[in-house]
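Colleague: Quick one: the structure is below, and I'll ask about it shortly.
The values are calculated or read from the model by the stated rules, or taken from the named source; none is laboratory data. Every value quoted in this text rests on a predicted model; they were computed, and no experiment measured them. Virtual Cβ from ideal backbone geometry, glycine too; neighbours counted across all protein chains shown. Only protein heavy atoms, including side chains, enter the accessible area calculation; ligands, DNA and RNA are left aside. Shrake-Rupley method; radii C 1.70, N 1.55, O 1.52, S 1.80 Å.
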Amino acid sequence: MITILEAVGTDTDYSFETLALHAGTTPDPVTGAMLTPIYQTTTYRQEAVGKDKGFKYSRSGNPTVSALERRLAAIEGAEFATCYSTGLAATTALFLALFKSGDRVVSSQAVYGGTVRLLRQTLAPFGVKADFVDTSNADAFAKALQKPTRLVFIETPANPTLKLTDIDLASRLAKKAGALLVVDNTLLTPALQRPLDLGADIVLHSTTKFIEGHNATVGGALITRDANLHEQFLFTRNTIGTIQSPFAAWLTLQGVKTLPLRMARHCENAERIARFLESHPRITRLVYPGLESFPQFELARRQQSAGGALIAFEVEGGVEAGVHLMNSVRLCALAENLGAAETIITHPVSMTHGAVPPEQRAAAGITDGLVRLSVGLENPDDIIADLEQALDASAEGLL
Ligand SMILES: Cc1ncc(COP(=O)(O)O)c(C=O)c1O
């Protein structure tokens, strides 16, 4: 019988839901165990000098991690993936694999704060130049690419403003400039957005978020259709020693199985909550790509199949009221992270984007009062009730 693992290489007709469940794994040939085991081993006994079974040392490769890599490649519609200890380890490997001193990257202005810190504080002293540009503005984007550029790095929707960048346009501009296009697809996952089909060269994930989905691991991945790029990522990962642990890979393999179901419910819940917030008299600004009020609604419809799970908003009373609201939630968790089964509320300026310089935050629209909500899988009525009581509490706090 043909296994799904063999089939993935030869037959791309399996649907996304089936690939999310089966791609990359086969029953254990010794025991028949359905799940790929956690291969908790440092090394692999070799049959003879120069003769091994494909694994030599768990810094360079591990069978559990490889199973996850095959699964992630399959669901992104790619051939190759490498998995890392964190999302930022994936970003670090990407930059170290592709940059040399003097190279320039054009990045979206609003990206995850850790990406900004890595470029501005760790890589700049080595001669890597980063320009942060409003990539949602086609003219500004095209202008930025008039100077020699090695890499275009976009995050769409951007964290936390949810501004979109047109991936198809980005791919055409990057090609014209002779640059590679990387899309951080963490916020939507391939369940809702397929950057490689729109012309991206590389997809990056913090698998910590929706891909694993249960607040249980940290991890990252780089996914590509290009064998040469993949070789460079494998080499760099081995050189810097940032492979994912087999246990985290195993948990992520289980999480991915329900990705299509979870993303559908995340989006359904987020849309209901966004509509509730939009109609609430104390919400002064509400951003959700699934609502008609979203300034780039047409692009959202064209490039993503739903609005996603993230909502950004501001409350009447500014920073003070926003902070009071975040301190008043009971069911929603005040925490750093997004994309988990549990609803998480975050203050980007003091938490995830604290490392972004205030001028860049202002230019990107990351205001001091901005609240980010990652809508989870609870009954949306319970989340709405919690937000309602927190909004009332924050209004009282202002009296
Ligand atoms: C969009 C995005 N990319 C990358 C990262 C970095 O991932 P990690 O926290 O797994 O290192 C994050 C983390 O919040 C993120 O939100």
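Colleague: Given Thr36, Thr26, Thr31, Thr18, which one is over 20 Å from Leu251 (Cβ atoms), open to solvent by less than 80 Å² (accessible area, probe 1.4 Å) and modelled with pLDDT of 90 or more? Give the derivation first.
Modeller: Details: Thr36 fails: over 20 Å from Leu251 (Cβ atoms); Thr26 fails: over 20 Å from Leu251 (Cβ atoms); Thr31 fails: open to solvent by less than 80 Å² (accessible area, probe 1.4 Å).
That would be Thr18, the only listed residue that is over 20 Å from Leu251 (Cβ atoms), open to solvent by less than 80 Å² (accessible area, probe 1.4 Å) and modelled with pLDDT of 90 or more.
Colleague: Further question on the same structure: Could you check the stretch 341-359 and list, in sequence order, the residues that are part of a loop (DSSP other than H, G, I, E, B) and open to solvent by 10 Å² or more (accessible area, probe 1.4 Å)? Give the steps one after another, and end with the answer.
Modeller: Kept after step one, since they are part of a loop (DSSP other than H, G, I, E, B), are these residues of the stretch 341-359: 341-343, 347-357.
Of everything in the stretch 341-359, those that are part of a loop (DSSP other than H, G, I, E, B) and open to solvent by 10 Å² or more (accessible area, probe 1.4 Å) turn out to be Ala341, Glu342, His347, Val349, Ser350, Met351, Thr352, Gly354, Ala355, Pro357.
Colleague: State which residue is modelled with the lowest pLDDT when the search covers only the stretch 107-126 and only residues that are hydroxyl-bearing (Ser, Thr, Tyr) and more than 10 Å from the ligand (Cβ to nearest atom).
Modeller: Here is the first cut: in the stretch 107-126, the residues hydroxyl-bearing (Ser, Thr, Tyr) are 107-108, 112, 115, 122.
Of the ones still in play, those that are also more than 10 Å from the ligand (Cβ to nearest atom) are 107-108, 122.
Working: Ser107: 98, Ser108: 95, Thr122: 98.
Step by step, filter the stretch 107-126, then rank; the result is Ser108.
Colleague: Taking the condition of being within 15 Å of Ala312 (Cα to Cα), out of contact with any Gly (no Cβ under 6 Å at 6 or more places or on another chain) and modelled with pLDDT under 95, how many residues in the stretch 351-399 meet it?
Modeller: 8
Colleague: Consider only pairs whose beta carbons are under 6 Å apart and that are at least six residues apart or on different chains; among these, list those whose first residue lies in the stretch 157-170 and is within 15 Å of Leu373 (Cα to Cα) and whose second residue is among the charged types (D, E, K, R).
Modeller: Pro160/Arg372
Colleague: Have a look at Leu299, Leu338 and point out the one that is modelled with pLDDT of 95 or more, assigned to a helix (DSSP H, G or I) and surrounded by 19 or more Cβ atoms within 10 Å (Cβ to Cβ). Explain how you work it out, then say what you get.
Modeller: Values: Leu338 fails: assigned to a helix (DSSP H, G or I).
Matching residue, one of Leu299, Leu338: Leu299.
Colleague: Run Gly376 past the list (1) assigned to a loop (DSSP other than H, G, I, E, B); (2) open to solvent by 10 Å² or more (accessible area, probe 1.4 Å) and report the number of the one that doesn't hold.
Modeller: Result: Gly376 fails condition (2) only.
Colleague: Ok, one more. Pick from the stretch 78-96 the residues that are open to solvent by 20 Å² or more (accessible area, probe 1.4 Å) and closer than 29 Å to Phe132 by Cα: which of them is farthest from the ligand (Cβ to nearest atom)?
Modeller: Of the stretch 78-96, the ones open to solvent by 20 Å² or more (accessible area, probe 1.4 Å) are 79-80, 85-86, 88, 92, 96.
From the residues that got through so far, the ones that are closer than 29 Å to Phe132 by Cα too are 80, 85-86, 88, 92, 96.
Details: Phe80: 20, Ser85: 8, Thr86: 3, Leu88: 4, Thr92: 9, Leu96: 15 Å.
That would be Phe80.
Colleague: From the list Arg117, Arg45, which one is open to solvent by 60 Å² or more (accessible area, probe 1.4 Å) and in contact with an Asp or Glu (Cβ under 9 Å, 6 or more places away or on another chain)? Full working, then the answer.
Modeller: Numbers: Arg117 fails: in contact with an Asp or Glu (Cβ under 9 Å, 6 or more places away or on another chain).
Within the list Arg117, Arg45, the selection yields Arg45.
Colleague: Can you spot a residue in the stretch 251-270 that is more than 30 Å from Pro289 (Cβ to Cβ) and surrounded by fewer than 18 Cβ atoms within 10 Å (Cβ to Cβ)?
Modeller: Filtering the stretch 251-270 down to residues more than 30 Å from Pro289 (Cβ to Cβ) leaves none.
No, the stretch 251-270 contains no residue that is more than 30 Å from Pro289 (Cβ to Cβ) and surrounded by fewer than 18 Cβ atoms within 10 Å (Cβ to Cβ).
Colleague: Among the residues of the stretch 133-144, is there at least one that is in contact with a Pro (Cβ under 9 Å, 6 or more places away or on another chain) and open to solvent by less than 20 Å² (accessible area, probe 1.4 Å)?
Modeller: no
Colleague: I'd like the full set of residues that are open to solvent by 20 Å² or more (accessible area, probe 1.4 Å), of a type outside the set (A, V, I, L, M) and near the ligand (Cβ under 7 Å from one of its atoms), limited to the stretch 207-230.
Modeller: Passing the criteria: only Lys209.
Colleague: Do you know which residues across the stretch 182-196 are more than 16 Å from the ligand (Cβ to nearest atom) and among the aliphatic types (A, V, I, L, M)?
Modeller: Leu196 - this is the single residue of the stretch 182-196 that is more than 16 Å from the ligand (Cβ to nearest atom) and among the aliphatic types (A, V, I, L, M).
Rundown of residues vs (1) over 19 Å from Asn185 (Cβ atoms); (2) in a loop (DSSP other than H, G, I, E, B); (3) at pLDDT below 95; (4) open to solvent by 20 Å² or more (accessible area, probe 1.4 Å), yes/no style:
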| position | (1), (2), (3), (4) |
| --- | --- |
| Ile273 | yes, no, no, no |
| Leu277 | yes, no, no, no |
| Leu286 | yes, no, no, yes |
| Ser305 | no, yes, no, yes |
| Ala312 | no, no, no, no |
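Colleague: Can you name the condition, by its number, that Arg104 falls short on among (1) within 16 Å of the ligand (Cβ to nearest atom); (2) open to solvent by less than 50 Å² (accessible area, probe 1.4 Å); (3) over 20 Å from Asn228 (Cα atoms)?
Modeller: Going through (1) within 16 Å of the ligand (Cβ to nearest atom); (2) open to solvent by less than 50 Å² (accessible area, probe 1.4 Å); (3) over 20 Å from Asn228 (Cα atoms) one by one, Arg104 breaks only (1).
Colleague: Among the numbered criteria (1) more than 16 Å from the ligand (Cβ to nearest atom); (2) surrounded by 22 or more Cβ atoms within 10 Å (Cβ to Cβ), which one does Asp166 miss?
Modeller: (2)
Colleague: Here are the criteria: (1) surrounded by 18 or more Cβ atoms within 10 Å (Cβ to Cβ); (2) over 20 Å from His205 (Cα atoms); (3) within 21 Å of the chain's Cα centre (by Cα). Tell me which single one Ala333 does not satisfy.
Modeller: Unmet condition: (1).
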